[in-house]
């Protein structure tokens, strides 16, 4: 089993994602350079956070057209699990692998703070070890993380169970106060209709180690590894 | 058409007649226009420290852990054991931030990060120490200060967040003396193997000199000279002297340089910060004992028709000079092409000791490099103490309602929660932040080295205004105390000396007093100064800033179990004050914020007492019994207790008092006597604390216990009760509300 962590110019959570996989789970993971034209040989692909290509033009907009993304889109369409975190989520929306878009936070300010997430869909490769409705704690850190979709896309996401994570309060309620950035329906992460492509704004790559105050993020990476092992078996 | 050299032109370059005579003697001829520009930046205060160098020599700079000393390279390096070392430094970007807060602050962050990776270290975290005028006022200054803080915070966030180095702590203070002249001091720390320290020397005659990074433009022309002048109403016209930062390019440059350094191709590396290409060429040559020859025609440029003067003095950001080992030139090409960054071989290392700059083959600048870099004239400025501050007669001080006074103090932005600020900084990237902003010191787990580091910045400029020597001593003591409270052993210091125009005798006197105070305290705490920065000419039309010798201190926490936070944890825990109740009210924030008086002698620091208190607290932390530790500083005991109650994720109350105290309640609550730390321990551990304090002869006061939904303080027989919500609201929302103000 081998997992790729894509390195765009300006990725800055690439090292954190790689360590979460290598140190947190001791799985084989390596960087995949943005200029590569093939994603062959990888069982799963992680698009890390950061400011790919400086996020100039629009977050994730230029990365969506990088050579490696063409290969990743093809792999995703063939069922390879693809996981976008923060900027990675923005890139996935820009490529069209995921619906909707991420726009400026409601406050118009960058926000770095802990949030509570509720698992709304535990059938994706990244959530299968978690119970539905269980709560996870991890940080967000973004300026443009408010999830937005037009009415029909939003209804589709909700009806198909494609909402994977929602911002909630300590009691699991998706209140307006628990919504840090003004995301529609408190959406923190979604998947594609097939479920193999998942994007989320919060950072499991910063919550996989007891020393960081939360290990909840590790569950997502562990789910992926379990999924890959069960496919291999 | 190059201008002819006239006395007027020399004067406009900030060079005195005496200095110009020195330049002519050094060259044996008149300098040309470009050379005049080169001297003006290299011999500016910013680059040469000509007014402060004598003073800076007073700092202790050596110690068993010091691997690179102050002044030797771009940043000091300290051994942290296990084969690992840290490079760290603090630097100011005050002047640029005053005229263009967003870019000024952003490029400050970019510059300090480059200083750190120039040492071969991977930057792991940032701190910043900020000073602004009041932000709650209506009127012109209030509006201006709000604009400055919004811009500075956004600028720091812009650069730090994008480049992916977490901003995990620091301090923010507010005082009228910073009206229109904010202080932006940024600190960066990086990690490296102790055997892999990179040097900024042009070594190896014949080695190629490469220019890498962004193209040179006209931005930031002569910023170093700009930073060596007073800020005036006209300073806004200097906006071309402020550079524009590109954190994305900065990130690429960081990764490319670290990759190149790891490849073994680099003989020397130097960032182009202040004075850009000029400074990096002559400094590398000076350090290498060599010469450097470059041709400006080979420099990547952003605009056509730039003159040699403009190219040499540009402070365009995200550029480095790299001296490449002979035969390894292909490595540079391979790595910089991989990262899509411009690079160009611009020259070679020579053996004649000259900084020689060609303009498409013809010699434009020819100056002995060592003399240019190191032999700026050194001055001893006139020093004279300002009038003694107004003294305070406590018996004549009106006794106001202490209950209200505490709420006023909590609302003061120097004390109020900085959540509006640090939420805008990515403080969790790099997955190592163990104690986030908001406790006494930030704690970071450096994964590469498996080490826990603590770091803090401190300076009470109110004390320094009233007594710069005592204020500076206390700045060091408080930094060490903050580290102690987090469970760390203090290791070393970087300092940022922010003062007014040194030609005013009282400013120079303040500087000298502060330096001597810092030096003495650093010796006593065993924390050598490994580098830093001097920022003078911090003047606005209203006058000089309060002297602000900011101390950045780092510490090491040997065992994860020792990491301690400032807030109370469990009901029933016993609260102790390690140290005495105290009585000194001079220079306190209480006097200033509640009584409107910036007066009195600041508290006195007794080193023996301070060291003993810190030693005891560290020792108790290491026995595993200390559940919280918080130092008493601005606002005294009452503010420290409040913070212990409300700054954690769960608020919890306390009932405390000192039965033996006799005197005014406001003195009990708000005095700022030094050498005091509040700790809490489980009830069964209380006896151990008491007996150990007695054994080592450290005063200890059993204040009370943790619990309930109020903070109740018995201050000399009178009891004051505040609900936790009543305390939390002004503290948490003061800055948020001030900045929600629509300044249209």
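The values are calculated or read from the model by the stated rules, or taken from the named source; none is laboratory data. Keep in mind that this is a model prediction, so the values were computed, not measured. Positions of Cβ are generated from backbone atoms using ideal geometry, with glycine treated the same way; all protein chains shown enter the neighbour counts.
For the range B:464-476, does any single residue satisfy the condition of being without any contact (Cβ under 8 Å) to a residue 40 or more places away in the chain and over 21 Å from residue B:132 (Cα atoms)?
no
Go through the range B:701-725 residue by residue and tally those that are more than 24 Å from residue B:649 (Cβ to Cβ), surrounded by fewer than 19 Cβ atoms within 10 Å (Cβ to Cβ) and within 37 Å of the chain's Cα centre (by Cα).
Counting residues in the range B:701-725 that are more than 24 Å from residue B:649 (Cβ to Cβ), surrounded by fewer than 19 Cβ atoms within 10 Å (Cβ to Cβ) and within 37 Å of the chain's Cα centre (by Cα) gives 1.
Yes/no per residue for (1) within 14 Å of another protein chain (Cβ to nearest Cβ); (2) over 22 Å from residue B:556 (Cα atoms):
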{"site": "B:70", "(1), (2)": "no, no"}
{"site": "B:101", "(1), (2)": "no, yes"}
{"site": "B:131", "(1), (2)": "no, yes"}
{"site": "B:157", "(1), (2)": "yes, yes"}
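When you look at residue A:16, is it within 10 Å of another protein chain (Cβ to nearest Cβ) and buried (at least 22 other Cβ atoms within 10 Å of the Cβ), yes or no?
Taking the combined requirement at face value, the residue satisfies it.
Mind checking which residues of the range B:404-429 are in a loop (DSSP other than H, G, I, E, B), touching a strand residue (DSSP E or B) at 6+ places or on another chain (Cβ under 6 Å) and within 14 Å of chain A (Cβ to nearest Cβ)?
First, pick out the residues of the range B:404-429 that are in a loop (DSSP other than H, G, I, E, B): B:412-418, B:423-429.
With touching a strand residue (DSSP E or B) at 6+ places or on another chain (Cβ under 6 Å) added as a condition, the list becomes B:413-414, B:418, B:423, B:425-428.
Correct list: B:418, B:423, B:425, B:426, B:427, B:428.
When you check residue B:527 against the structure, is it farther than 30 Å from residue B:685 by Cα, under 25 Å from the mean Cα position of the chain (by Cα) and touching a residue at least 12 places away in the same chain (Cβ under 8 Å), yes or no?
yes
When residues of the range A:107-125 are filtered for being touching a residue at least 60 places away in the same chain (Cβ under 8 Å), in a loop (DSSP other than H, G, I, E, B) and within 13 Å of chain B (Cβ to nearest Cβ), how many remain?
Result for the range A:107-125: 1.
Does residue B:416 satisfy being surrounded by fewer than 24 Cβ atoms within 10 Å (Cβ to Cβ) and either touching a helix residue (DSSP H, G or I) at 6+ places or on another chain (Cβ under 7 Å) or at pLDDT 95 or above (or both)? So that I can check it myself, show each step before the final result.
Working: surrounded by fewer than 24 Cβ atoms within 10 Å (Cβ to Cβ): yes; either touching a helix residue (DSSP H, G or I) at 6+ places or on another chain (Cβ under 7 Å) or at pLDDT 95 or above (or both): yes.
Spelling it out, residue B:416 is indeed surrounded by fewer than 24 Cβ atoms within 10 Å (Cβ to Cβ) and either touching a helix residue (DSSP H, G or I) at 6+ places or on another chain (Cβ under 7 Å) or at pLDDT 95 or above (or both).
Looking at the range B:223-230, can you tell me whether even one residue there is part of a helix (DSSP H, G or I), closer than 30 Å to residue B:460 by Cβ and at pLDDT 95 or above?
For the range B:223-230, residues part of a helix (DSSP H, G or I), closer than 30 Å to residue B:460 by Cβ and at pLDDT 95 or above: absent.
Is there a residue in the range A:181-197 that is within 30 Å of residue B:435 (Cβ to Cβ), over 16 Å from the mean Cα position of the chain (by Cα) and either modelled with pLDDT under 95 or buried (at least 24 other Cβ atoms within 10 Å of the Cβ) (or both)? First the steps, then the outcome.
The initial filter retains those residues of the range A:181-197 that are within 30 Å of residue B:435 (Cβ to Cβ), namely A:181-183, A:186, A:188-189.
Then drop every residue that is not over 16 Å from the mean Cα position of the chain (by Cα), which leaves A:181-182.
Among the residues that remain, those that are also either modelled with pLDDT under 95 or buried (at least 24 other Cβ atoms within 10 Å of the Cβ) (or both) are: A:181.
Looking through the range A:181-197, at least one residue is within 30 Å of residue B:435 (Cβ to Cβ), over 16 Å from the mean Cα position of the chain (by Cα) and either modelled with pLDDT under 95 or buried (at least 24 other Cβ atoms within 10 Å of the Cβ) (or both).
Hey, among the residues in the range A:30-43 that are more than 12 Å from chain B (Cβ to nearest Cβ) and under 30 Å from residue A:110 (Cα atoms), which one's surrounded by the most Cβ atoms within 10 Å (Cβ to Cβ)?
Only one residue tops the list, namely A:32.
Looking at B:462, B:453, which is the one that is at pLDDT 95 or above and away from chain A (no Cβ under 14 Å)?
Sole residue among the options that is at pLDDT 95 or above and away from chain A (no Cβ under 14 Å): B:462.
Looking at the range A:19-29, which of the residues that are in contact with a strand residue (DSSP E or B) (Cβ under 8 Å, 6 or more places away or on another chain) and part of a loop (DSSP other than H, G, I, E, B) is nearest to the other protein chains (Cβ to nearest Cβ)?
A:27
Each row is one residue, and each column tells you yes or no for (1) modelled with pLDDT under 95; (2) crowded, with 16+ Cβ neighbours inside 10 Å.
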{"position": "B:6", "(1), (2)": "yes, no"}
{"position": "B:27", "(1), (2)": "no, yes"}
{"position": "B:67", "(1), (2)": "no, yes"}
{"position": "B:70", "(1), (2)": "yes, yes"}
{"position": "B:73", "(1), (2)": "yes, yes"}
{"position": "B:99", "(1), (2)": "yes, yes"}
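Kindly list the number of the only condition in (1) surrounded by fewer than 20 Cβ atoms within 10 Å (Cβ to Cβ); (2) over 13 Å from residue A:221 (Cβ atoms); (3) within 14 Å of chain B (Cβ to nearest Cβ) that fails for residue A:59.
Of the numbered conditions (1) surrounded by fewer than 20 Cβ atoms within 10 Å (Cβ to Cβ); (2) over 13 Å from residue A:221 (Cβ atoms); (3) within 14 Å of chain B (Cβ to nearest Cβ), the odd one out for residue A:59 is (1).
Just to be sure, is residue B:299 more than 14 Å from chain A (Cβ to nearest Cβ), in contact with a helix residue (DSSP H, G or I) (Cβ under 7 Å, 6 or more places away or on another chain), buried (at least 24 other Cβ atoms within 10 Å of the Cβ) and at pLDDT 95 or above?
In short, no.
Working carefully through the options A:91, A:68, find the one that is within 14 Å of the chain's Cα centre (by Cα), under 30 Å from residue B:160 (Cα atoms) and crowded, with 22+ Cβ neighbours inside 10 Å.
Residue meeting the stated conditions: A:91.
Please enumerate the residues belonging to the range A:128-138 that are more than 14 Å from chain B (Cβ to nearest Cβ) and either assigned to a strand (DSSP E or B) or within 17 Å of the chain's Cα centre (by Cα) (or both).
A:128, A:129, A:130, A:135, A:136
So how many residues does the range B:684-700 have that are assigned to a loop (DSSP other than H, G, I, E, B) and buried (at least 18 other Cβ atoms within 10 Å of the Cβ)? Give the steps one after another, and end with the answer.
To start, the set of residues in the range B:684-700 that are assigned to a loop (DSSP other than H, G, I, E, B) comprises B:697-699.
Those still in the list that are buried (at least 18 other Cβ atoms within 10 Å of the Cβ) too: B:698.
The qualifying residues number 1.
Only one residue in B:388, B:384, B:373 is under 30 Å from the mean Cα position of the chain (by Cα), outside any strand (DSSP E or B) and within 30 Å of residue B:664 (Cα to Cα), so which one is that?
B:388
So which residues in the range B:430-443 are at the interface with another protein chain (Cβ under 8 Å from one of its Cβ atoms) and on the phi < 0 side of the Ramachandran plot?
B:432, B:433, B:434 - these are the residues of the range B:430-443 that are at the interface with another protein chain (Cβ under 8 Å from one of its Cβ atoms) and on the phi < 0 side of the Ramachandran plot.
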